[in-house]
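Structure, as structure tokens:
What follows draws every value from the coordinates through simple rules; no lab data is involved. Predicted, not measured: the structure shown is a model, and the values here were computed from it. For neighbour counting, all protein chains shown are included, and Cβ atoms are generated from backbone atoms with ideal geometry for every residue, glycine included.
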Amino acid sequence: MISQRYSTFLSVVSGLILVTIFPRLDWSILAWTALVPFFFAIQGKPLKNVFWLGMTLGMAFYFFGLQWVTNTIINYGHLPVALSYAVLALLAAYLSFYLALFGYLTVWLSRNNDSLFFLLAPFVWTALEYLRSTFTPLSFSWLGLGYSQYDFLPVIQIAEFTGVYGVSWLIVFVNAGIFYILREKQNGRSVLKFSCATILIPILCIGYGLFKLNDLRHDGAEQGTELRIALAQGNIPQNQKWNPGFRQQIIKTYQDLTLESANSHPDLVVWPEAATPFYFGYDEIETIRIQRLARQAGTALVFGSPYSEKIDDRPTVFNSAYMLTKEGDILGRYDKMHLVPFGEYVPFRSLLFFLEKMVDTIGNFGSGTEAKIFDLKNERFGISICYEIIFPDLIRQFAKNGAGFLVNITNDAWFGKSSAPYQHMSMAVLRAVENRMPIVRSANTGISGAIGRDGSILKTTGIFEKQVLLTNIRIHPRTNTYYTLYGDVFSWLCIAVTFGLGIFSMKYINSRFDP
């Protein structure tokens, strides 16, 4: 049995490898073996040790993988550096709890049986990844394992059935298979059966992916409507966005980018989240100016702007997106539904009331209630705002309501020149595959770009560059995927299988494992 010190080392190694599989390093191939050291580390250990080894894995992974959080807290929350890193450590500890629970449950339920450990690991991991991404006000799917494969198109095509969680399941399955093969060979046992499964299932998934990619690309050039879209990336520094002294400069920046794009006759120009440094509809002069700009450019316009209304006699601000027709008429407004905790609102506010006083950037926004659909040249689309794009079940609501493509507007200036804008963009790839719809994304400081319905990244900008990106996307007749129609059935299946295998192990597997 491996010593506790060496087990801790192996857990840290696994955690650091996991950091490297995501953008910007993008060493995604390592995902398929990243957990093997951790699996060896927890074998034969008392359950309390397994739990802490899982916490060690998570702290190494999330503390270094989410370093960009400190940029936001220090520069915009104005907290001291030491306190900012303490907040990061607290976030990492919260997320690490799920990995600690993964180790604990998998070892406990497998009852020291290697075959059962191999079967349980992918289901337990996926069930917990789904739960931590979905069910609490602190839901956070960032660094979900499946996102590491955003640039491996053949393997992510299964997401149209399983969502991103199916890709996570497959990665853990391969890791568990490799671990099982190595461990059983150490003991001189036959591993043919499990070796075949470890190889065959990924081959089947990749084979389906290759078939689907070929199918999509074959009919892609012949069917559907092509739209030309201009993505305006204003590159407005965060400390200038709401400074009255820069107001006219900001408006002129987007006006110039829009008129520049007009020479290419786009069907739609998209500005980022909260692009207007005023409340559209309330500031009459500037509202008319934006409407006149749409008419002058001769193109429809989507842009982010705050919106306010009285609810229960109290003014409530919404993070919103508007659409104007090329005649300058207001076609509609979408209000952001999934707010950023500790950014746009304080969860558990009665307990954490003091945070609003500590961090002056925390808002108290209202949340929208409808995945609204807009029309452009007889094509339908939805608009998501900022990190709404990381929530699969939310985005599928737009597709289910008939959207043929999605516009995502965001402001990633908060993240600075870190890995976060690249990670944010990569997560949108899975939304395109899950719902088989193209996605265009306008970000204040980048990354702006376009994604095809097969998950291919068609065009992107750099970060912290002012530019307008012109891209063509093809909109196909709406055919809902299994995931669009039924959502996270696969994830719920993983939860059910975890319970089922757990009951089986407790009833039928004789354990000599001493917790």
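Of the residues TYR279, CYS196, VAL440, the one whose Cα sits farthest towards the positive end of the charge dipole of the chain is CYS196 (charges of +1 on Lys and Arg Cβ, -1 on Asp and Glu Cβ, taken about the Cα centre).
In which sequence would MET437, MET506, MET323, MET59 go, from the one with the fewest C-beta neighbours within 10 Å to the one with the most? Let's see the in-between values first.
Values: MET437 28, MET506 12, MET323 24, MET59 20.
Starting with the residue having the fewest Cβ neighbours, the order is MET506, MET59, MET323, MET437.
Using Cβ point charges alone (K and R +1, D and E -1), the dipole size of the range 179-303 about the Cα centre works out to roughly 680 debye. Rounded to the nearest 20, the Cβ-based charge dipole of the chain about its Cα centre (Lys and Arg +1, Asp and Glu -1) stands at 1100 debye.
Oblate is the label for the range 164-275, because a/c, from the alpha-carbon gyration tensor with a ≥ b ≥ c as root eigenvalues, is 1.5 or above and a/b does not exceed b/c. Of TRP169, TRP108, TRP492, TRP414, the sequence from fewest to most neighbouring Cβ atoms within 10 angstrom is TRP492, TRP108, TRP414, TRP169.
If you take the square roots of the eigenvalues of the alpha-carbon gyration tensor of the range 111-171 and sort them as a ≥ b ≥ c, do you get rounded (a/c under 1.5), prolate (a/b over b/c) or oblate? Provide the component values of the computation, followed by the final result.
On the way: a/c = 2.40, a/b = 1.20, b/c = 2.00.
In terms of gyration-tensor shape, oblate.
With θ taken as phi - 60° and the Karplus curve 6.51 cos²θ - 1.76 cosθ + 1.60 applied, the whole-hertz 3J(HN,Hα) list for the range 33-50 is 10, 4, 8, 4, x, 5, 4, 5, 5, 8, 5, x, 8, x, 4, 5, 5, 4 Hz, x standing for glycine and proline.
Excluding same-chain neighbours fewer than eight residues apart, the aspartates and glutamates reachable from LYS48 by a Cα-Cα span under 14 Å are ASP514.
Selection among LEU501, GLY487, THR461 by position relative to the dipole of the range 402-510 gives THR461 as farthest towards the positive end (Cβ unit charges, Cα centre).
Positive-end ranking of LEU30, ALA262, LEU119 along the dipole of the chain, with charges on Cβ about the Cα centre, is headed by LEU119. Cβ-to-Cβ counts within 10 Å put ILE203, ILE2, ILE447 in ascending order as ILE203, ILE2, ILE447, the fewest first.
The charge dipole of the range 424-515, taken about its Cα centre with unit charges on the Cβ of Lys, Arg, Asp and Glu (plus for the first two, minus for the last two), comes to roughly 260 debye.
The local environment of ARG292, defined by Cβ-Cβ distances under 13 Å, has a net charge of -1 under the rule Lys, Arg +1 and Asp, Glu -1. Within the straight-line cut-off of under 17 Å between alpha carbons, the aspartates and glutamates reachable from LYS400 are GLU160, GLU370, ASP375, GLU379, GLU388, GLU434, ASP488, sequence neighbours fewer than 8 places apart in one chain being disregarded. Run the reach check for LYS326 against lysines, Cα to Cα strictly under 21 Å, same-chain hits fewer than 8 apart removed. What comes back? Candidates past the 8-residue exclusion: LYS252, LYS372, LYS377. Bridge orientation summary for the chain: considering DSSP beta bridges with both residues in this region, about 65 percent are antiparallel. Which shape class, rounded, prolate or oblate, goes with the chain when its Cα gyration tensor gives a ≥ b ≥ c as root eigenvalues, a/c under 1.5 marks rounded, and past that a/b bigger than b/c marks prolate? Prolate is the answer for the chain, as a/c is 1.5 or above and a/b outweighs b/c.
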